[in-house]
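**Student:** Below you'll find the structure I mean.
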Amino acid sequence: MTSPSATAPHPRPATRSTPSTPGHDAGLLLLRIVLGLTMAAHGTQKLFGWFGGGGIDGTGRFFTASGYPAGDAMAVLAGLTETLGGLGLAAGLLTPLAGAALVGTLVNAIAVHGTGSFFAPAGIEYELLLTAGAAALTLTGPGRYAVDRLLPVLRTHRLAHGAMALILGIVLAAVLLLVRN
């Protein structure tokens with residue numbers, strides 16, 4: 001005699017990805033808005049000196065002291081990347097590229113900050129958390145409540161888009177680290 005579990009039908013393997021749910025999409029929206037606006041505000045510190053930031057001059061001096069050539073140009077590059085990448089991520093606009101841009105910037109921030117400690121005030125926990133959040137959004141996509149839903153090529157997020165963008169962001173971060181003294 002066979003046991004009841006032996007005759008019970010086995011569940012069908014899923015042939016499609018799990019459809020997003022309102023809760024899933026709301027969670028992605030919350031993460032995108034908080035992470036994106038945090039990074040955008042951080043970028044405006046570099047560009048305009050807002051929120052107690054150094055502006056181009058102060059941030060440029062920091063980049064020069066950190067070993068980057070052309071400190072002011074690096075300040076503009078980092079500020080624009082953080083501001084535009086953050087706003088793009090918050091809106092869900094070109095999410096794979098916006099998230100990858102932030103990952104690249106944050107990889108440099110971790111390298112400059114150093115990995116001597118994990119916890120604040122001298123640690124990298126904050127930068128690592130932002131990097132992981134941006135990478136996760138790059139790979140998962142923005143969810144249903146995003147401008148990307150209006151763009152035909154990004155209407156349905158593909159892992160390949162996110163993975164390729166993430167690789168691009170990391171490669172560009174490595175190039176910037178190579179020019180650093």
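**Student:** Charges only on Cβ, +1 for Lys and Arg, -1 for Asp and Glu: so what's the dipole of the chain about the Cα centre, in debye to the nearest 20? If you can, show how the numbers build up before the last one.
**Tutor:** Values: 10 positive and 7 negative charges, 121 e Å.
Here the chain has a charge dipole of around 580 debye.
**Student:** Between ARG180 and LEU87, 0.36 nm times their residue separation minus their Cα-Cα distance comes to what? Walk me through the numbers on the way to the answer.
**Tutor:** Numbers: separation 93, 0.36 × 93 = 33.48 nm, distance 2.74 nm.
Difference between extended and current length: 30.7 nm.
**Student:** Kirkwood Rh, the stretch 28-90, all Cα pairs: how many Å? The partial results should precede the final answer.
**Tutor:** Numbers: mean 1/r = 0.0875 Å⁻¹.
By the Kirkwood definition, the hydrodynamic radius is 11.4 Å.
**Student:** Using all alpha carbons of the stretch 66-125, what is the percent of pairwise distances in each 10 Å bin, ordered from the shortest bin to the longest?
**Tutor:** 22, 41, 33, 4
**Student:** I've got another one for you. Using alpha carbons only, how many angstrom separate the centre of the stretch 43-57 from the centre of the stretch 110-181?
**Tutor:** 22 Å
**Student:** To the nearest 10 square angstrom, what accessible area does SER117 show with a 1.4 Å probe?
**Tutor:** 50 Å²
**Student:** Please calculate the 1.4 Å probe accessible area of GLU127, with all protein chains present, and give it to the nearest 10 Å².
**Tutor:** 30 Å²
**Student:** While we're on this one: Below 8 Å between Cα atoms, with a sequence gap of 6+, how large is the relative contact order for the stretch 36-76 in percent? All intermediate terms of the calculation are to be shown ahead of the outcome.
**Tutor:** Numbers: 53 pairs, mean separation 11.4, N = 41.
Computed over the stretch 36-76, the figure is 28 percent.
**Student:** Could you work out the Rg to Rh ratio of the stretch 119-177, with Rh taken as the Kirkwood radius (inverse of the mean 1/r over all Cα pairs)?
**Tutor:** Numbers: Rg = 14.2 Å, Rh = 13.1 Å.
Looking at the stretch 119-177, the ratio lands at 1.09.
**Student:** Using the Karplus curve 6.51 cos²θ - 1.76 cosθ + 1.60 with θ = phi - 60°, work out ³J(HN,Hα) for each residue of the stretch 127-135 in order, rounded to whole Hz, and write x for Gly and Pro.
**Tutor:** 5, 5, 5, 5, 4, 5, x, 5, 5
**Student:** With every protein chain in place, what's the accessible area of LEU29 (1.4 Å probe, Å², nearest 10)?
**Tutor:** 50 Å²
**Student:** Give me the distance in nm between label points sitting 7 Å out from Cα along the Cα-to-Cβ direction at LEU151 and ILE170, one decimal.
**Tutor:** 2.2 nm
**Student:** Of the options GLY116, GLY54, LEU102, report the single residue whose Cα projects farthest towards the positive end of the charge dipole of the stretch 49-181 (beta-carbon charges: Lys, Arg +1; Asp, Glu -1).
**Tutor:** My answer, from the dipole projection, is LEU102.
**Student:** Next up: Which value results when the Cα radius of gyration for the chain is divided by 2.2 N^0.38 Å?
**Tutor:** Against the empirical 2.2 N^0.38 Å value, I get 1.27 for the chain.
**Student:** Starting from 0.36 nm per residue, how many nanometres of slack lie between VAL34 and GLU125 once their C-alpha separation is accounted for? Present the calculation step by step, with values, prior to reporting the outcome.
**Tutor:** On the way: separation 91, 0.36 × 91 = 32.76 nm, distance 1.69 nm.
Result: 31.1 nm gained on full extension.
**Student:** Label HIS24 and ASP57 with points 7 Å out from Cα along Cα→Cβ: what is the distance between them in nm?
**Tutor:** Simple spin-label model gives 5.1 nm for this pair.
The values are calculated or read from the model by the stated rules, or taken from the named source; none is laboratory data. All values derive from a computational prediction rather than experimental measurement. Quick reminder, even Gly has a Cβ in these numbers, built from the backbone with ideal geometry, and neighbours come from all protein chains shown. Note: areas computed on protein heavy atoms with side chains; ligands, DNA, RNA excluded. Shrake-Rupley method; radii C 1.70, N 1.55, O 1.52, S 1.80 Å.
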